[in-house]
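The values are calculated or read from the model by the stated rules, or taken from the named source; none is laboratory data. This one's a predicted model, so the numbers in the text were calculated from it and none came from an experiment. Cβ atoms come from the backbone with ideal geometry, glycine included; neighbour counts cover every protein chain shown.
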Amino acid sequence: MENPISPEEPTPGSPPDPNRDLFLQGLQAYQHAANTDKNVEQMEAATLQMLSAAAAQAQRNPTPEQAIYLAVRECEARGDWPGAEAGYRAIITHQEASGQPLLVYKAYSDLAGLYRLLEDWPRAQSAARLATAATRQVDMPPALVVSLETEALCALRLGDPAGALAIATAAVTAVEPGAEFEPLGAGTSVAVARCHVAAGNLFAAAAALDAARPVLMDRETSPIFAGHRGRSAVWWEVTAAMLGQRSDWPGALAAWEKAVDLRRGVAALPHVAGPYTQGALARTLRQQANALAAAGLLAESRLVREEVQAIWQELNLLPNDHP
């Protein structure tokens, strides 16, 4: 396989850059593992090495935009959510001035993610719509799909399952053909299933979940891929909700356990660990607690709720008490 990345050579006479060297070593290790014995563990280690080098380089020589991002991350780490919001809005101002739609999309998408964490669904919906509008200015279907999925989730949380289904269906049609886009397509099928469950259309929900199963459930994927594991967690969450509506509590609780295990795994990955993956874990645990209570397992439900509360307190958050 030909090297798809051609890093620039260092300027003659420039001092050695250990982070750049670390990145290149990681890239070479990844390509060797991918092209020879497909060793997944070696590929994971090489990927983490590249991520570490990229992060170190950004911190050492940040652009003005990166400096704001670093300040935002510091705010998030200490639970300063107003400060994080102000930082994201400063980034939006910077990116809108750049005139580059994909950068504008990323900025609004990040802001929508913050509002999702805060469970401020009206503002999350507004930011997601602006992200979607930015993606429509360029030919970048994957970004459009992601922003539409966020819009669909916001519509659901705001009590509009019909509107959410229309948006999720648009996301399905926006997925490009090809094996590399199958995980993205499976995610949109799960989004459609979630809308059907909310509307009580359980047969349609089951069909959409079945459509996503070959990619999300039956295909072996490295644990390092947080996006794939996150989609798999949502698959189990929607399955659990569907089984709960059928009053199949043993099946629902088993599915919630699968979803929680996946969320814990993602939250433990060093390259994505932080408030967003912790928040996702807390939301899944909260739904598990609701299911345990509905099944009559009140003591077990109480224990899970205590963990949820501990996570929110650690994040300096008091989200709304809903699924």
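A few remarks follow.
- With respect to the stated conditions, residue 103 is aliphatic (A, V, I, L, M), free of Cβ contacts under 8 Å to residues at least 12 places away in the same chain, in a helix (DSSP H, G or I) and under 22 Å from residue 73 (Cβ atoms).
- Residue within segment 35-58 that is surrounded by fewer than 19 Cβ atoms within 10 Å (Cβ to Cβ), modelled with pLDDT of 95 or more and not hydrophobic (A, V, I, L, M, F, W, C) present: no
- All positions within segment 163-215 that are within 20 Å of the chain's Cα centre (by Cα), not in a helix (DSSP H, G or I) and not hydrophobic (A, V, I, L, M, F, W, C): 176
- Residue list for segment 232-249, filter: assigned to a helix (DSSP H, G or I) and free of Cβ contacts under 8 Å to residues at least 24 places away in the same chain: 243
- Look at (1) in contact with a Lys or Arg (Cβ under 8 Å, 6 or more places away or on another chain); (2) closer than 22 Å to residue 91 by Cβ and you find that residue 110 fails only one, number (1).
- Per this entry, residue 130 is not counted among residues that are at pLDDT below 95, assigned to a helix (DSSP H, G or I) and either aromatic (Phe, Trp, Tyr) or outside the structural domain of residue 273 (by TED's automatic domain parsing) (or both).
- Residues satisfying the stated conditions in segment 250-282, i.e. within 14 Å of the chain's Cα centre (by Cα) and touching a residue at least 40 places away in the same chain (Cβ under 8 Å): 265, 266, 269, 271, 272, 274, 275, 276, 277, 279, 280
- Restricting the first member to segment 154-178 and to residues that are under 12 Å from residue 189 (Cα atoms), and the second to residues that are at pLDDT 95 or above and surrounded by fewer than 16 Cβ atoms within 10 Å (Cβ to Cβ), the beta-carbon pairs closer than 9 Å and six or more apart or on different chains are 165/199.
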